[in-house]
Amino acid sequence: MRSVRIWYEKLGKLQYISHLDMNRLMSKVVRRAGIPIWYTEGFNPHPYVNFLLPLPLFTQSKCEIMDIKITDDTTNGELKDKFNAFLPDGMRVTKVADPWGKPTEIAFSQYDIVIDPDGDHEDCFMKVSECLMGEELIIIKKQKQGKRKIDKEVNLIEEIHSFYVSMTQDNRVNIDIILPSGTVKTVNPRLLTDALLKSTGVEVRGVSIMRKRVMNANLEDFE
Amino acid sequence: MLFEKIERILPLVQKPGRYTGGEVNSVMKDADKVDVRFAFCFPDIYEIGMSHLGMKILYGMLNDRDDCWCERVFAPDKDMEEQMRLNNIPLFSIESTTALDEFDIIGFTLQYELCYTNVLNMLQLGNIPLRAKDRTSLKNIVVAGGPCVCNPEPIADFFDVFFIGEGEELDGEFVELYKQHKKMGSDKQTFLRAAAKIQGVYVPEFYNVEYNDDMTVKCVTPKYDDVPAKVVKRVVRNLDNSYYPEKLVVPFIDVVHDRAIAEIFRGCIRGCRFCQAGYIYRPIREKSPQVILEQVKKLCDTSGYEEVSLLSLSTSDYSGLSCLLPELINYTKAHSINLSLPSLRVDNFSKELSEQLQTVRRSGLTFAPEAGTQRMRDVINKNITQQDVLKTAEMAFEGGWTSMKLYFMLGLPTETMEDIEGIANLAQSVVDAYYNSEFRQKGKAPSVSISVAAFIPKPFTPFQWEPQDTLEMFEEKQKHLMSSVRSKKISVSYHDAKTSVIEGVFARGDRRLSDVIENAFLSGCKFDSWDDSFSYEKWMQAFENCGVDYKFYVNRMRDYSEVFPWSHLDYGVREQLLIKENELAHQAQTTPNCREKCSACGANKLNGGECCAIG
């Protein structure tokens, strides 16, 4: 038995499928594909799949990562082909490799947040840039302190590692941004986008968010 | 274009995955290359609709045809509907995001009466005129099938066609005929006249209904010579050869029953007098164990499901069970698949069956004695005894079970308060049996949950003439039951009887109720089967607005001679048999099951004289 790390894309309509649902989806895919996966022991065995980093709803990704265990000598290349023959449209395995880093080393994700403004795109570009370069963008987070529920103010600007705002050829505003995403701290890009739009008052036709890199604390690709 | 509009509102609603499709095994086709586009509409939310076997069968069957593309349409939940209305988004199919009014045939499945307002809501959201007479083109033919169409009269004004009986063959013939008429450029009337000649097709507008002075139906007569006076139910003759899907659409999101389903037989040998399914799905047709096993394997292979469930009205009555189970358990065990066997009866829940079930995943045990006293069970012809229940309970306790669910009904004909107390007593004796069992799990307390439903007389059953209890009677009986239960090991759950009043009205209603349904819908009624949205007050107001006395439909004892609103539909079972069964019920006399003694119900004539119960 050996461990395998699998990178896959989750694009298009699959952004509406929650992380919880991914568990069920993957266990069905490995069954259909006949992948020699290790099953958990116990009264109700099921395929063991460990998703390293939950992806929020309404977010696409080019770099989702999961670890599984394989019970025979199927090669990484064969695994990739088996998965790709049975994954639903919008999902594709891009890489199968032996695990290197520990899942807890994951610290940052890089995203493209693409805003389709409903109105003047240059105005949107200016407002978004100004807000992100400003001092604060406050959201209220509901937290539990012991048994009490408390509201905690979080300044998202302080959480951003770095960003770059640009205009795309079709007049959309692209925010290329690095946010913490790991076991210690995570900022949901959707939450940031909602706060940003609310604070700037920018009207949009749509927003799409794409995770494109997963990194460790030194901003190196997580392997 | 439409999908982009929808994508903009998805972040504002719960569970967007309900509306976006793309599931494994969902069918995509080129809309320009098919002749007929069929919208299969389920008048409830995605999670309910995707659990329904009939939709899976017909979806697969219609999409097997190259000339037809069947897509799924579900009722949007309230948050989604609000956003759709705000943003002028019409109801759409989830495969191709096509607006409902672009479909040739719009087909609903009617599984329960309380979905009728959802049907109207879906038509309205799809920009389809509600009433059949306001739809004049061949496009957007609105049809319905399912158990409720055995009395479709309350909703007859909204539909062009009802499919009476099973759809595996009928739906295909209808689509074929539609295709020809579409090519010929026929008008709607020409097509419907031709369609009415297909066995099982009922076109309500081709029938005149006349009423007596006392409001009862005088007669239902066809308007034209070439329209059948009686529409005869369609059945599939042989389940082994009839269409069954090889692939199931696998939902991404969690649905109510997310598992492979293997249907093992249709019909039921028991003849419980309250049970509509036991009468309208006759005659008995069994699938052979080999076919079932093959179908299970195929479905699990193509879906990746970790659970498979056998489906029928009474699993333990399947004559091939002892042959099927060992092989099925072998297969499911080898593939780590959970097997579930719903609908077991207490009188033939054998030790052997119990032992075989031990090896599969243990879930709750549910049995349905339906009534608390022997007299009452004899009235409804539920041929089980208290000993059967206790014997099964003991066996289950020996097998390690500690909890049991018991289903009952309130408001059965001839019921007295003694019968209600009998429910509590029966549950108590199950608790006692637990403590008397020497094999029970020591140190664990038993839990018995009683679930009581309100009895609603349904068409084509021996109780179709019976009055339904009034709301006050139901509530009094519920209270009495609660006060009769004295053990903390027993829990009781029941439904608000108000929904049963509305369900009862539509179960045996007539065409004059279309106005009431439309009125209630326009005043905001929808999702009536959901406790949080059902409004008894709005329904009562709708009856008043339309000058309809609802009690006429529910609380009245009908005469054997009365012409029923559904009298022009023939489900195979002779009315004489139903009358005889009704008389026997009032004498608390039972009737043997169909395997012990054929009661010559007549349903086998639908099947060339064949019925698996007679062998």
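The values are calculated or read from the model by the stated rules, or taken from the named source; none is laboratory data. Just so it is clear, the model here is predicted, and its values are computed rather than measured. No Cβ is skipped: glycine too gets one built from the backbone with ideal geometry, and neighbour counts run over all protein chains shown.
In summary, B:Val220 fulfils each of the numbered conditions (1) closer than 19 Å to B:Ser567 by Cα; (2) in a strand (DSSP E or B); (3) out of contact with any Pro (no Cβ under 8 Å at 6 or more places or on another chain) with the single exception of condition (3).
Every test in (1) of a type outside the set (Asp, Glu); (2) at pLDDT below 90; (3) in contact with a helix residue (DSSP H, G or I) (Cβ under 7 Å, 6 or more places away or on another chain); (4) in a helix (DSSP H, G or I) is passed by B:Val346 save one, and that test is (4). Are any of the residues in the stretch A:56-69 of a type in the set (A, V, I, L, M, F, W, C) and touching a Leu at 6+ places or on another chain (Cβ under 7 Å)? Yes, because at least one residue in the stretch A:56-69 is of a type in the set (A, V, I, L, M, F, W, C) and touching a Leu at 6+ places or on another chain (Cβ under 7 Å).
Could you go through the stretch A:211-222 and let me know if any residue there is more than 14 Å from chain B (Cβ to nearest Cβ), at positive phi and under 17 Å from the mean Cα position of the chain (by Cα). Yes: the stretch A:211-222 contains one or more residues that are more than 14 Å from chain B (Cβ to nearest Cβ), at positive phi and under 17 Å from the mean Cα position of the chain (by Cα).
Please indicate, with yes or no, whether at least one residue in the stretch B:72-85 is among the small types (Gly, Ala, Ser) and either surrounded by fewer than 22 Cβ atoms within 10 Å (Cβ to Cβ) or outside the structural domain of B:Phe174 (by TED's automatic domain parsing) (or both). Looking through the stretch B:72-85, none of the residues is among the small types (Gly, Ala, Ser) and either surrounded by fewer than 22 Cβ atoms within 10 Å (Cβ to Cβ) or outside the structural domain of B:Phe174 (by TED's automatic domain parsing) (or both). Among the residues of the stretch B:440-462, not a single one is in the same structural domain as B:Ile280 (by TED's automatic domain parsing), in contact with a His (Cβ under 9 Å, 6 or more places away or on another chain) and either assigned to a helix (DSSP H, G or I) or free of Cβ contacts under 8 Å to residues at least 12 places away in the same chain (or both). Being part of a helix (DSSP H, G or I), touching a residue at least 12 places away in the same chain (Cβ under 8 Å) and either surrounded by 22 or more Cβ atoms within 10 Å (Cβ to Cβ) or touching a Phe, Trp or Tyr at 6+ places or on another chain (Cβ under 6 Å) (or both) is the requirement here; does B:Ile155 meet it? Yes: the conditions hold for B:Ile155.
Scanning the stretch A:103-115 for residues that are polar (S, T, N, Q) and within 14 Å of chain B (Cβ to nearest Cβ) gives no hits. Restricting the stretch B:499-523 to residues that are small (Gly, Ala, Ser) and under 17 Å from the mean Cα position of the chain (by Cα), the residue that is surrounded by the most Cβ atoms within 10 Å (Cβ to Cβ) is B:Gly504. How many residues does the stretch B:239-265 contain that are more than 24 Å from B:Met28 (Cα to Cα), of a type in the set (D, E, K, R) and either within 14 Å of chain A (Cβ to nearest Cβ) or touching a residue at least 60 places away in the same chain (Cβ under 8 Å) (or both)? Summing the residues that are more than 24 Å from B:Met28 (Cα to Cα), of a type in the set (D, E, K, R) and either within 14 Å of chain A (Cβ to nearest Cβ) or touching a residue at least 60 places away in the same chain (Cβ under 8 Å) (or both) in the stretch B:239-265 gives 1. Does the stretch B:268-281 include one or more residues that are at negative phi and either within 14 Å of chain A (Cβ to nearest Cβ) or in a strand (DSSP E or B) (or both)? Scanning the stretch B:268-281, I find no residue that is at negative phi and either within 14 Å of chain A (Cβ to nearest Cβ) or in a strand (DSSP E or B) (or both), so the answer is no. Filtered by the rule that a residue be farther than 19 Å from B:Tyr571 by Cβ and surrounded by fewer than 21 Cβ atoms within 10 Å (Cβ to Cβ), the stretch B:158-179 gives B:Gly172, B:Glu173, B:Glu176, B:Leu177, B:Lys179.
If you go through the stretch B:190-201 one residue at a time, do you hit one that is in contact with a Ser or Thr (Cβ under 9 Å, 6 or more places away or on another chain), in the same structural domain as B:Ala144 (by TED's automatic domain parsing) and either not in a helix (DSSP H, G or I) or not aliphatic (A, V, I, L, M) (or both)? No, there is no match, as no residue in the stretch B:190-201 is in contact with a Ser or Thr (Cβ under 9 Å, 6 or more places away or on another chain), in the same structural domain as B:Ala144 (by TED's automatic domain parsing) and either not in a helix (DSSP H, G or I) or not aliphatic (A, V, I, L, M) (or both). With respect to B:Gln189, is the statement that it is touching a Lys or Arg at 6+ places or on another chain (Cβ under 8 Å), of a type outside the set (A, V, I, L, M, F, W, C) and closer than 26 Å to B:Ile105 by Cα true? Here the answer is no, as B:Gln189 does not meet what is asked.
One residue stands out among those in the stretch A:79-102 that are over 19 Å from B:Gly304 (Cα atoms) and surrounded by fewer than 14 Cβ atoms within 10 Å (Cβ to Cβ): the one that is nearest to the other protein chains (Cβ to nearest Cβ), which is A:Thr94. Collect the residues in the stretch B:48-64 that are aliphatic (A, V, I, L, M) and under 27 Å from B:Lys33 (Cβ atoms), keeping them in residue-number order. Result: B:Met50, B:Met55, B:Ile57, B:Leu58, B:Met61, B:Leu62. Counting only residues that are among the polar types (S, T, N, Q), more than 9 Å from chain B (Cβ to nearest Cβ) and over 25 Å from B:Gln14 (Cα atoms), the stretch A:12-48 holds 1 of them.
Only helices (runs of 4 or more DSSP H) whose full extent lies in the stretch B:1-101 are considered here, and the ones with at least 3 residues that are more than 26 Å from B:Gly304 (Cα to Cα) and touching a residue at least 24 places away in the same chain (Cβ under 8 Å) are B:2-9, B:78-86. Filtered by the rule that a residue be in contact with a strand residue (DSSP E or B) (Cβ under 6 Å, 6 or more places away or on another chain), farther than 25 Å from A:Val207 by Cβ and touching a residue at least 60 places away in the same chain (Cβ under 8 Å), the stretch A:81-106 gives A:Phe83, A:Val93, A:Lys95, A:Val96, A:Ala97, A:Pro99, A:Glu105.
Do the conditions hold for B:Lys183, that is, is it surrounded by fewer than 21 Cβ atoms within 10 Å (Cβ to Cβ) and under 30 Å from B:Val573 (Cβ atoms)? No: the conditions fail for B:Lys183.
For the stretch B:16-27, enumerate the residues that are touching a Ser or Thr at 6+ places or on another chain (Cβ under 8 Å) and within 9 Å of chain A (Cβ to nearest Cβ). Result: B:Gly17, B:Gly21, B:Val24.
Annotation note: Cβ proximity below 7 Å between a residue of the stretch B:317-330 that is on the phi < 0 side of the Ramachandran plot and a residue that is aromatic (Phe, Trp, Tyr) and surrounded by 17 or more Cβ atoms within 10 Å (Cβ to Cβ) (sequence gap 6+ or interchain) occurs for B:Tyr318/B:Phe265.
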